[in-house]
Every structure is written in structure tokens, then in C-alpha cells.
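Inspection log for the structure reproduced underneath, given as C-alpha cells.
Taken together, the values in this text are just the output of simple stated rules run on the coordinates, not laboratory data. What you are looking at is a predicted structure, and each value in this text was computed from that prediction instead of being measured. We place every Cβ from the backbone using ideal geometry, glycine too, and count neighbours over all the protein chains shown.
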Amino acid sequence: MYLYPKWIRLWHLLNALFCLMLIITGLCLQYSGKGRPLIPFDKAVALHNTGGIALSLSYFIFFLGNIFSPNKKHYRLKYKGLWKDMYTQFNYYMFGVFKGQKHPFPVTEENKFNPLQKVSYVLIMYIALPLIIITGWGLLLPDITISRVFGVSGLILTDIIHIISGFIISIFMIIHIYLCTLGSTPGSLFKGMISGYHVGED
Ligand code: HEM
């Protein structure tokens, strides 16, 4: 099944690289005062800013692609039975996979994501990434950031939202990569993201 057209593979590669770069440089900024840093502070700032601008541009590939291509159908949530389906998939990840059970929601051209993938991809792509990008621009251009919100500094609030989104995206990335090893073979989903073709029924 051809599930990942060229634009998705290009966007995904750029997105993964920029996210990795931003997580590493972001951690260097966060822990800049402790001992010898992995990357010196001023270099980490420059790399983080460049990575943030690059991530914003690459997000447009995803956003526009998902407006103008049929891929958007995979991001439409159907609420009926969603909790039950998510629970079934969660149970599979927790227990079924270790008992060699079959995937409860095998991949088809109409449904390339299982319910947990679908919900997590929608939350990450349409809430967490926009939040981190908008707050990142707010920190990069402090003059455009609202100065006070309910008596609290707008910059501090922006910073807190930025850090929380970054933390969530980092955790997502670790879980995402682990769950991507649970295809027909440990490498099959990664190969699919390189060739565009999904192999196997799960
Ligand atoms: C080194 C890092 C990463 C690796 C190895 C990786 C691997 C993969 C693989 C193998 C797939 C295809 C399987 C599937 O459809 O679930 C996939 C899809 C996807 N990944 Fe990643 N990923 C990485 C980072 C990220 C990051 C940082 C994000 C978002 C912040 C992300 C978001 C997505 C999304 C939304 C899809 C579905 C794309 C679509 O078909 O519409 N990935 N990833």
C-alpha cells in the first residue's frame, strides 16, 4: 500500500531533524548554567533560533499538504466509539503485543492510523506544534508579545507554554519511535516512511 507520498516523507524527515535539533539545543539552553555545556550558550541560541524558523517553514508543508491532499482524511476524528477503540488499542500495546496477538486495527488505505495514533497525531500536529511555534516566535520577537495577561508577565507565560509543549513533544517522540517498532517487523514502519510503501497487514 502506498501510504506516504513524497511530500509527507520530505516533511516528516525535515520535521524529525528539526525537532531533534531543537530538543538538543533547547536542553543546552535550559541547563546552560550547570558545568560544561554540550554546546556553548551563544551557539545554542543561534542554532535553536535557526531550527525554530526552519520548523515553522516545514510545518507549512504539513499544514498545506493536509488541506490540499486526501491525506487529511486520516486526521478526521470520529467520536463514536473513539474511547472504546482507543482502549482496545491501548490494551494491545500493553499486553496483546507481548502475546503475539493480531493488531486490532490493521492498516488499510482508508485507515492508515490506529485510534491511538490518530488522536496523538492530531493533538501533536494541530495543538502542540502550533503552540510551540507561536510561543517560539513570541520569545524570538518579544516586542510583539502581549506584555501582561491577568497581571502575569506575557513573556513568562509564553515561556512556560513553550517549555511545556517542548516537553510533551519530546515525550511524544520517544513513545512514537518505540511504537513505530511494533509493525510486522521492527523495521517495517521505518522502511515504509522511507519508501512510501507500507508492507504487511499491521
Ligand atoms: C527520529 C524521529 C522520528 C522517527 C524515526 C519517526 C518515525 C515515523 C514512522 C516510521 C512513521 C510511519 C508510521 C506511522 O504512520 O505511524 C511516522 C509517521 C508520523 N510521524 Fe514520525 N518519526 C519521528 C519523529 C516525529 C516527530 C518529531 C513528529 C511530530 C512532532 C512525528 C510525527 C509523525 C506523524 C504526524 C506521522 C504520520 C504522518 C502521515 O502519514 O500523515 N514524527 N513517523
Practice prompt. Quick one: order Ser170, Ser165 by neighbouring beta-carbon count within 10 Å, fewest to most.
Written response: Ser170, Ser165
Discussion item. Can you compute the FRET efficiency between Phe95 and Asp143 using 1/(1 + (r/R0)^6), with r the Cβ-Cβ distance and R0 = 35 Å? Round to the nearest 0.05.
Written reply: 0.10
Worksheet entry | region 6-195 - percent relative contact order, Cα under 8 Å, separation 6 or more | 16 percent
Discussion item. Restricting to DSSP loop positions (anything but H, G, I, E, B) with no more than 15 other Cβ atoms inside 10 Å of their own Cβ, which chymotrypsin sites (Phe, Trp or Tyr not before Pro) remain in region 96-191?
Written reply: Phe150
Worksheet entry | Loop-located trypsin sites (Lys or Arg not before Pro) in region 64-168, at most 15 other Cβ atoms within 10 Å (DSSP) | Arg76, Lys78, Lys80, Lys102
Worksheet item: For the chain, what does -39500 (n - 2.57) per DSSP helix run (n ≥ 4), summed and divided by total residues, give at 222 nm, in deg cm²/dmol to the nearest 500?
Response: -20000 deg cm²/dmol
Discussion item. Rounded to two decimal places and with Rh computed the Kirkwood way over Cα pairs, what is Rg over Rh for region 89-132?
Written reply: 1.10
Item to complete: Compute the whole-percent fraction of alpha carbon pairs in the chain spaced more than 31 Å apart.
Response: 28 percent
Item to complete: For each pair in Lys80/Lys112; Lys72/Lys102; Lys80/Lys102; Lys73/Lys191, compute the distance between the two Cα atoms and list the pairs where it is over 30 Å.
Response: none
